[in-house]
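J.: Structure below; questions to follow.
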Amino acid sequence: MPRTQGGESVLSRAVRIIEAFSPGDTALSVSEIAKRSGLHIATASRLVEELCSFGWLQRDEDRKVRIGVRMWEVVARASPTMSLREAAMPVMEDLHAIVGQHIQLGVMEGDEVLFVERLTAPGAVINYTRVAGRLPLHASSSGLLLLAYASPAQQERIIARPLKVYTDKTISTPSQLRSALAEVRRQGYAFLAGHIHPAATGIAVPVRDPAGNTVAALAIILPNDETARSRIAVLQAASAAVSRAMAYPAPPIP
């Protein structure tokens, strides 16, 4: 791999440019990319042009830079969550029609929950998550659910860290987190009312692979009121349907 005078490979610098785009960014200027990636603006500009030539990035008419269609195509085709999403989407659509609120699918990615699919509706309660967005494991229903079925080592690692607080209901101490994880394992779902936003309740249940391992969290985000718990049963039925679908062999490619 060719290296610059500073010893960093060109690929490493290209990765820094791609990672300058956060989940909330649709377009950035070259100067913004340079600042976020820590590269000199001339270096950033040269690498942006080269990435554009391959279709990994693209420029708007106003010269702002976006993630390119080619990158989206390759990532979508090679995504390790593709089979999970294909199994989940029909069920999520049915669940969405019943609930009329946010439906989302999250997986463990490092020490965060990464949301790989999300359905919403006009007038749905506030929700901070988005596709390709992340949240801390302790704060969201999906993250807490996944952490409850994670390895003891990972649980202890999260428990030992400072816990980000969003509201006065957010889990904020090691003892609270230990208790919450035990409750999730006991009841089989995570129910967090007002932990991310006072107006919203998150409920998450496990999606399991054919071996019985928890591979994802299926969640609904509802208004924080007395009716939220009535949705647990339909959510559990939906996650069971996704788990069953994941056990079916994929159809042959024509």
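J.: Go through region 35-57 and give me each residue that's surrounded by 14 or more Cβ atoms within 10 Å (Cβ to Cβ), under 17 Å from E19 (Cβ atoms) and within 26 Å of the chain's Cα centre (by Cα).
T.: K35, R36, S37, L51, W56, L57
J.: Which of the following residues is charged (D, E, K, R), in the same structural domain as N213 (by TED's automatic domain parsing) and under 17 Å from the mean Cα position of the chain (by Cα): R134, R161?
T.: Sole residue among the options that is charged (D, E, K, R), in the same structural domain as N213 (by TED's automatic domain parsing) and under 17 Å from the mean Cα position of the chain (by Cα): R134.
J.: Residues that are closer than 17 Å to V116 by Cα and assigned by TED's automatic domain parsing to the domain that holds V113, at least 2 per element: which strands (runs of 3 or more DSSP E) completely within region 178-231 meet that? I'd like the intermediate steps shown before the answer.
T.: Details: elements: 190-193, 200-208, 214-223.
The qualifying strands (runs of 3 or more DSSP E) are 200-208, 214-223.
J.: Hey, can you tell me all the residues within region 10-34 that are more than 19 Å from V69 (Cα to Cα) and either touching a Pro at 6+ places or on another chain (Cβ under 9 Å) or surrounded by fewer than 12 Cβ atoms within 10 Å (Cβ to Cβ) (or both)?
T.: Across region 10-34, the qualifying residues are V10, L11, S31.
J.: Restricting the first residue to region 232-246 and requiring it to be in a helix (DSSP H, G or I), which pairs with a second residue that is surrounded by fewer than 16 Cβ atoms within 10 Å (Cβ to Cβ) meet a Cβ separation below 8 Å and a spacing of at least six or different chains?
T.: Hits for this filter: V234/I98; Q236/G188; A238/D94; S243/D209; A245/P90; M246/S83; M246/D209; M246/P210.
The values are calculated or read from the model by the stated rules, or taken from the named source; none is laboratory data. These numbers come from a predicted model, not from an experiment. No Cβ is skipped: glycine too gets one built from the backbone with ideal geometry, and neighbour counts run over all protein chains shown.
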